[in-house]
1. Taking only pairs six or more apart or across chains, which ones have beta-carbon atoms under 7 Å, a first residue in region 309-333 that is free of Cβ contacts under 8 Å to residues at least 24 places away in the same chain, and a second residue that is assigned to a loop (DSSP other than H, G, I, E, B)?
2. Going through Arg187, Arg147 one at a time, which residue ends up being of a type in the set (Lys, Arg), open to solvent by 10 Å² or more (accessible area, probe 1.4 Å) and under 30 Å from Pro46 (Cα atoms)?
3. Considering (1) over 17 Å from Leu220 (Cβ atoms); (2) surrounded by fewer than 19 Cβ atoms within 10 Å (Cβ to Cβ); (3) without any contact (Cβ under 8 Å) to a residue 60 or more places away in the chain, say which one Ser193 fails and leave the rest.
4. Could you please tell me which pairs satisfy a Cβ distance under 8 Å, a separation of 6+ or placement on different chains, a first residue in region 67-95 that is farther than 17 Å from Lys378 by Cα and in contact (Cβ under 8 Å) with a residue 40 or more places away in the chain, and a second residue that is part of a helix (DSSP H, G or I) and open to solvent by 10 Å² or more (accessible area, probe 1.4 Å)?
5. Could you tell me which numbered condition Asn282 fails, if it satisfies all but one of (1) in a loop (DSSP other than H, G, I, E, B); (2) over 16 Å from the mean Cα position of the chain (by Cα)?
6. So which residues in region 49-103 are open to solvent by 40 Å² or more (accessible area, probe 1.4 Å), under 23 Å from Arg147 (Cα atoms) and not hydroxyl-bearing (Ser, Thr, Tyr)?
7. Checking the conditions here, which among Val208, Val160, Val261, Val186 is among the β-branched types (Val, Ile, Thr) and either in a loop (DSSP other than H, G, I, E, B) or modelled with pLDDT under 95 (or both)?
8. Which ones in region 46-102 are of a type in the set (Val, Ile, Thr) and over 21 Å from Leu256 (Cβ atoms)?
Amino acid sequence: MSPPDHSVFYHPRIVIVGGGFGGLYTALYLQNYRHLKGSSITLVEPRDRFLFTPLLYEVLTEELLLWEVAPPYETLLTQTNIQWRQDWADYIDLEQQRVTLRQGASLPYDYLVVATGARTRQLPIPGINEHAITFRSLDDVLTVKARLDDLAQMPHPVAVTVIGAGASGVELATKIADRLGKQGAVRLVDRGSQILKPFPAGLQRKAVHALIKRDVDLHLQTQVDRVGPERVWLDGAELPSHLTLWATGTEPVPWLGTTPVNMNDYGQVCVRPTLQLEDYFNVFVVGDVAAQTQQKPIPNTAQAAYQAAAAVASSLAKMTRQRQPKYFRYLHLGDMLALGKGSGGVWSFGFSLGGKLGGIIRRAVYIHRLPTNHHRLKVVRRALMQAVRSIWPFGKV
C-alpha cells in the first residue's frame, strides 16, 4: 500500500494503539515536529496510568511512590495535541484503515502505530494461575505491596518464592529480601543452570553477590511441580510459600484483525528495517510485538522500545513531508538492575558498577527517561527534598 497523498490534506490522522513505552513515547516524540502540531494524534489505551516498569520494584521498598512510576495519562498528555481514548482496540482493518474500539466508534487513520506489547507467557504448572502473582500491571504492584505489608506484621518467619531468575525475578527477590529483612525467607527458582542468562558476566556476578548477601535461597535447575495457596512443590518437595511470584518470560499480544500478516515463530509481526508492516507502508509496529526480518533481533526491553519510538516518530515526520522513512538500528547502551534497596548493578560498554553507586546511577538514568519534563521535575524535586531531610540536623525542612 502506498503512503497517503498529501496533496489532498495537510494534517494526517495518526492513531497509536497501545500506551506502553513504544506507543506513549511515539506520541510524545511526535510533539517535537512543528508541522505535526495541527495533526490528529490519537492514543488508544484502556489503562488510566502509564507504568514505568523498570522502577516498579522501588514501590515495594517505598523508595518511590506510586505516582512517580505510574503517572496518569491525563496528566502526561496535558498541553499536547494527543487525544487519549481510554478504550480497548478490538480490531484493525488494514484495508479500510480503521481501528474498531470496544466501547466507542471506530477510528479512521492515515498512519497507524501498533504497540500492543507483551503479556506473561502461560506455564503448564498446576495452580500457578490461581495462586501465583505476576508483576506486570498496576494491580499486581498494589497486590504485592499489600501482601508484603501484611507479611511484615506476621509474628513468625514468612516464606516467599520467586519463579524465574531473569531480570525481573532477581530484582523482585533482592527488593523483597530487603523489605522483609530477617522476617523473610526468600527463594529464587529457575529451571536453568544460571541466573540472568543473557546478561554480561560482570552483572551476573554482582547479582549473585547481592542474592548471597541477602540470604536468598537460589534453586537452579529446579522444576516447579505445583503451586498452592501457601505451598510450592519443587522437584517433588513440598515447601511453605506465603507469597509466590511469577516472574518468567513474556509473549507478544496477538495481532488484532484477520488480515494476514507475516509472523515469526514467537508470534511477533515481521516488519521492514523501518519498522513498517511489510505490505502496508502506512502502518508501523514497535516494541515487543515487532520483529525486524533483515537485522539482528531487537530485545524486548524498555530501552529498545523508546529507541524505536523515536525512530518511528522521525519516520512519520518525514513521510508527512513526502520523504523516505528512516531505518531503525537498535543501539545497546547497557544493562541495569535493581539489586536491593538503594543498590543496583550497571553495565555499559564493558564497564560495570554495583552497590550504592550502581543504584544511584541506575535511578538517575531511569528518572531521566521518564516520559515528560514536567513529571521528571516533580520526581527530581521530591528526591532532592528527601536528600535534604536525610542530612538536615534540625528536623523537618
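The values are calculated or read from the model by the stated rules, or taken from the named source; none is laboratory data. Because the structure is predicted, anything quoted here is derived from the model rather than measured. Please note: Cβ atoms are built from the backbone with ideal geometry, for glycine as well, and neighbour counts cover all protein chains shown. The area values use the complete protein model at the heavy-atom level, side chains included, leaving out ligands, DNA and RNA. Shrake-Rupley method; radii C 1.70, N 1.55, O 1.52, S 1.80 Å.
1. Note: pairs meeting the criteria are Lys318/Gln324; Lys318/Pro325; Lys318/Lys326.
2. Answer to the check: Arg147.
3. Every listed condition holds for Ser193 apart from (1).
4. The qualifying pairs are Thr80/Leu28; Thr80/Gln31; Asn81/Gln31; Ile82/Leu28; Ile82/Gln31; Trp84/Glu74.
5. Exception for Asn282: condition (1).
6. Arg49, Glu62, Leu65, Leu66, Trp67
7. Of the residues listed, the single one that is among the β-branched types (Val, Ile, Thr) and either in a loop (DSSP other than H, G, I, E, B) or modelled with pLDDT under 95 (or both) is Val261.
8. Across region 46-102, the qualifying residues are Thr53, Val59, Thr61, Val69, Thr75, Thr78, Thr80.
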